[in-house]
Amino acid sequence: MNEKWQTWMKKAKSIFTLLTHRKTVKGARITYSVVWNLILLVLTVVMIGGSFAAGVGAGYFASLVKDEPIRSYDSMKKDIYNYTETSQLFFDHNVYLGKLRTDLEREEVKLDQVSDNLIKAVVATEDEYFYQHHGVVPKAVFRALFQEVTNSSVQSGGSTLTQQLIKNQILTNEVSFQRKANEIILALRLEKFFDKKEILEAYLNVSTFGRNSSGKNIAGVQAAAKGIFGKKASDLTLPQAAFIAGLPQSPFGYTPFTREGTVKNYLEPGLTRMKTVLKRMYDGGYINEKQYKEASAYDITKDFISPVPNPIEKYPWLTFEIESRAKEVLTTVLAQNDGYSEKELKKDDSLYYKYKTLASHNLRQNGYKIYTTIDKKIYDAMQKIKDNYQWYGPDKPDKIKDPETGEWKTVMEPVQVGAMLIENKTGKIISFVGGRKYDSDHQLNHATNAIRQNGSTMKPLLIYGPAIELGKASPGTPLPDVALSLNPASSSPWPHNYDLRYSGLVSARYALAKSYNVPAVKLYKEIVNQRPAKYLEKMGFTSLTEGDYTNLATSIGSMTNGVTIEENTNAFSTFANGGKFVDAHLIDKIVDKNGKTIYQHKVKKVDVFTPQTAYLTLDMMRDVIKMGTAAGIRSKLNFSADWAGKTGTGNQYIDSWFVASNPSVTFGIWRGYDTPKSLKTGGMSYSQRTNNLWAQLINAAYKIRPELVAPKQSFKMPGGIVRRSYCAVSGMLPSAVCSKAGLIESDYFNVNNVPTKVDDSLLEANYVTIGDKRYLALNSTPKEFTQFGMILNPDFIKRMVGPNFHNYSQLIPQRDRWGKILVSTSKMADNGKNPNPVGLKASGNTLTWSAASDNDVVGYRIYRGGSKVGSIVNGSARSFAAGNGAYYVTAVDIAGKESASSNVVEIGAPDKPEDQPVAGKPGEKPKDKPNDKKKDEKPSKKPE
């Protein structure tokens, strides 16, 4: 060991001697200098190259972001928080309905309303350095850049939560260096303006999370929590939070639900991803080992909720109606915010289209809360009644063309229904029935969009209401229900009553109650030049044409186009509102996601009729239900209320209506086929089928809200209405003759329209009967052939039905109380001739004779032995019970002229010769036999 040590020491000494030798030291210094200079040169080159590369890189980066504007705080705030949020729908009383149909369902949530488990899971999974970086993690960027350049298959990801937020809200998903550069610079700027909580909150509301249990695309953790687990984001458990946090990496790969809303058969990718999230939470210190193991072993699939009914599936007509009306409302709001009036908007189609498009976009993206007037309980109850009603009537065949083959085929078409319930004073649409069943073939909302002829429900709106308003009628005004030709283009009788019968002179009240067409059109013709359809405009009719203002058929519901159930029902509420029209509405208010009310419906009243006109029309419509065409309704109601309404039938029975109001609500119903067909069928009548359904629906509403549907108060009579007596024949003040006839009635009048003239429609007069007609007697008409009675004044008849009407018998109603009135006649003029003689014969003791051939004969005289023994009025039986003797008969005309005697007929033993008459000349009485003086006859004096 000593030898080895000594040997080593000798070598070391010799090396030291060599190194310390002058020449050796000098060589080493030269070598060191060269090496050092080389190192300096390399470092210089590297630094210069690095600087150049950095300069080039910086220049390239600058060139990439040169077009990116420098964004202000306000600009970035607007962009970051401008994420799509689905609008929510509500029934009345803030009852949640669902969300508006959209391609992406989202619901905003504040950070303090999100489970801490979920926040930690997202940060641990998506951005572990979130709370340390300033928007970008350089090594992650270089790693991602290296992977991109080398096309590495290992993708670790280089985007922070801040960058992802920038990509989603400001930039696009384009894969390019320019987009990435802009993303980096904007992320750095965003971190400068916003704190971590604001950025994290925005990210949680922006990210997509696949599909919910209904198969709809979802975004934001609130929509994900509700759509997958049926709970709020604040209530998520650790496993649930981990599952949701793992979804953004591959939303549709990891989502548990299919497009159809069913659970996927293969869930392993999503479950594996959940465990990965839990591992990262554990590695990051967010959860302990026990929590990690328990959550990893948890069966998350049992927490998946069943498909939630889509509001469109459960409430199709309602959901689409809300969307449509909300869009209209928002269109006006947006335009007004930009300084445009509603009038300007309606006149400019391009302007309207612009704001309609913007409104549609905002409804689906701005997270509005849309509050409606629909009462959920009443709406649901009415749908149930509608679905279970058994007496709609039969399906009927209809021909349709197959769009694919072009061939015609026969399908069976069902009877459809539409109904609407409106609160009078507010115009709130409380409920409606859109149709029988919503499917691909039946999507039309019959309550709001079906345009149909409204039949006789038009009469109060266009005839009686306007006529009273214009001072042309009162409830007691007499109207003729006779065969009149009111169509200028035809001489045949028109219109016809539904029962094809006539009732003579009737009051306006009675004509409306019984729904007679002739008196209604007759009254309308008297006011049509004053364009009463203007009242329909004021009451919300939107489909009127110019022809509807002049066509007489409009008065009984035959319009060019028609009217919706909503419009027709809404118009009736005008009478219940004292003559003021309140437009029906379904959207009560719209609130934005910040809680600001951007629209609140305001009730606007339009003056249509005076309160007096409204009440008088209502009072007439009460009789429709008391004793008219809807008399059966009351017995089917489960409650009592002051109802006033009107039935209606379309031409050829293709539409059936009933609309009625009480002081609180107005409810209207329509029934018919989509392709117009007659509703007449066997069994229950078409009107009963309609009225019964109306009663069942309103009974259902009453059961839920009796205080609304069955108000205790009645319609209140306003001032300016008086009750007066009048003659039922003319509507004028009663005359003595009218009193004798027992035709004095009383009714309500507008104080400004009370009759002031005394009745002149009735005359006390002698009359004669010729055939089946009656004529006024002339002064020369023998009294023996006249009868005393009351008749209609010919001048009155001309005023009532015109000079060309001659079927006077139709004017007298077939009612007992009119029995004292005779059909009015004109006077028959004297023709200046004597009647022709008649032929006489006997059968036993009974004389009979032929009818006079003249048309002015009023009666017959019977003579025996030259003395008149009897008179028979024309129209009575032409026979006479005679005793023994010789008889003859003469005919007497209205002027009192007498015919020549008939042939002589003897009955029984012949009379003495001196009693036998001698037939005279025509117009003369038979003379005594010549040279046969009467026994008591004295000789005449001779002239002096």
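Readers should treat all values here as calculations from the given coordinates under stated rules, not as data from a laboratory. Bear in mind that the values here come from a model prediction, so they are computed numbers and not experimental data. Neighbour counts are summed over all protein chains in view; Cβ atoms, including those assigned to glycine, are modelled from backbone coordinates with ideal geometry.
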- Note on the structure: For the stretch 637-711, listing trypsin sites (Lys or Arg not before Pro) in a DSSP loop whose Cβ sees at most 15 other Cβ atoms within 10 Å gives K680
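Enter the per residue convex hull volume of the stretch 207-253, computed from alpha-carbon coordinates, in Å³ rounded to the nearest integer.
59 Å³
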- Message: What does the charge count around T301 come to, taking other residues whose C-beta lies under 15 Å from its C-beta (Lys +1, Arg +1, Asp -1, Glu -1)?
- Response: +1
- If amide H atoms are modeled at 1.01 Å from N in the peptide plane, then the residues at a separation of 5 or more from S507, or on another chain, having amide H under 5 Å from its own are L479
- Task: Starting from the eigenvalues of the Cα gyration tensor, five times each then square-rooted, give me the equivalent ellipsoid semi-axes of the stretch 456-521, largest first, whole Å.
- Result: 19, 13, 11
- Query: Under 5 Å between amide H atoms, partner at least 5 residues away or on a different chain: which partners does G215 have, H built in plane at 1.01 Å?
  - Reply: G261
- Task: Return the sequence-ordered ³J(HN,Hα) values of the stretch 603-608 in whole Hz as given by the Karplus equation 6.51 cos²θ - 1.76 cosθ + 1.60 applied to θ = phi - 60°, using x for Gly and Pro.
- Result: 6, 10, 9, 10, 6, 10
- Which FRET efficiency value, to the nearest 0.05, do you get for W408 and K231 by plugging their Cβ-Cβ distance into 1/(1 + (r/R0)^6) with R0 = 41 Å? 0.15
- Task: Using R₀ = 41 Å, calculate the FRET efficiency as 1/(1 + (r/R₀)^6) where r is the Cβ-Cβ separation of S780 and M717; round to 0.05.
- Result: 0.15
- Message: Taking only the Cα atoms of the stretch 389-545, how large is their convex hull per residue, in Å³?
- Response: 202 Å³
- Counting Lys +1, Arg +1, Asp -1, Glu -1, what net charge surrounds P466 among other residues with beta carbon under 10 Å of its beta carbon? +2
- Message: Quick check on the exposure proxy: order D583, D619, D772, D283 from fewest to most C-beta atoms within 10 angstrom.
- Response: D772, D283, D583, D619
- Query: Structure shown: which of K472/K534; K377/K593; K167/K327 lie over 23 Å apart, alpha-carbon to alpha-carbon?
  - Reply: K377/K593; K167/K327
- Item | Footprinting exposure proxy for R211, R774 (fewest neighbouring C-beta atoms within 10 Å first) | R774, R211
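Just in the stretch 178-284: which chymotrypsin sites (Phe, Trp or Tyr not before Pro) are loop by DSSP and have at most 10 other Cβ atoms within 10 Å?
Y266
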- Query: What is the distance in Å between the Cα centres of the stretch 271-301 and the stretch 642-681?
  - Reply: 65 Å
- Item | Dipole magnitude of the stretch 733-818, debye to nearest 20 (Cβ charges: Lys/Arg +1, Asp/Glu -1, about Cα centre) | 140 debye
- Net charge near Y653 (other residues with Cβ under 10 Å of its Cβ; Lys, Arg +1; Asp, Glu -1) is +1
- Message: Out of the GluC sites (Glu not before Pro) in the stretch 187-281, which ones are loop residues according to DSSP with at most 16 other C-beta atoms within 10 Å?
- Response: E260
- Along its principal axes, what span do the Cα atoms of the stretch 840-915 show, with the longest given first and each in whole Å? 36, 24, 16
- At q = 0.15, 0.29 Å⁻¹, what is the base-10 log of I(q)/I(0) for the stretch 245-311 according to the Debye formula with one equal point scatterer per Cα and no solvent? Please give it to two decimals. -0.55, -1.30
- Message: Using a Förster radius of 30 Å, what is the FRET efficiency between D583 and D387 based on their Cβ-Cβ separation? Nearest 0.05, please.
- Response: 0.50
- Farthest towards the positive end of the dipole of the stretch 267-358, among P309, S324, L358 and with Cβ unit charges of +1 on Lys and Arg and -1 on Asp and Glu, lies the Cα of P309
- Note on the structure: Note to self: C-alpha centroids of the stretch 328-389 and the stretch 757-835 sit apart, in Å, by 65 Å
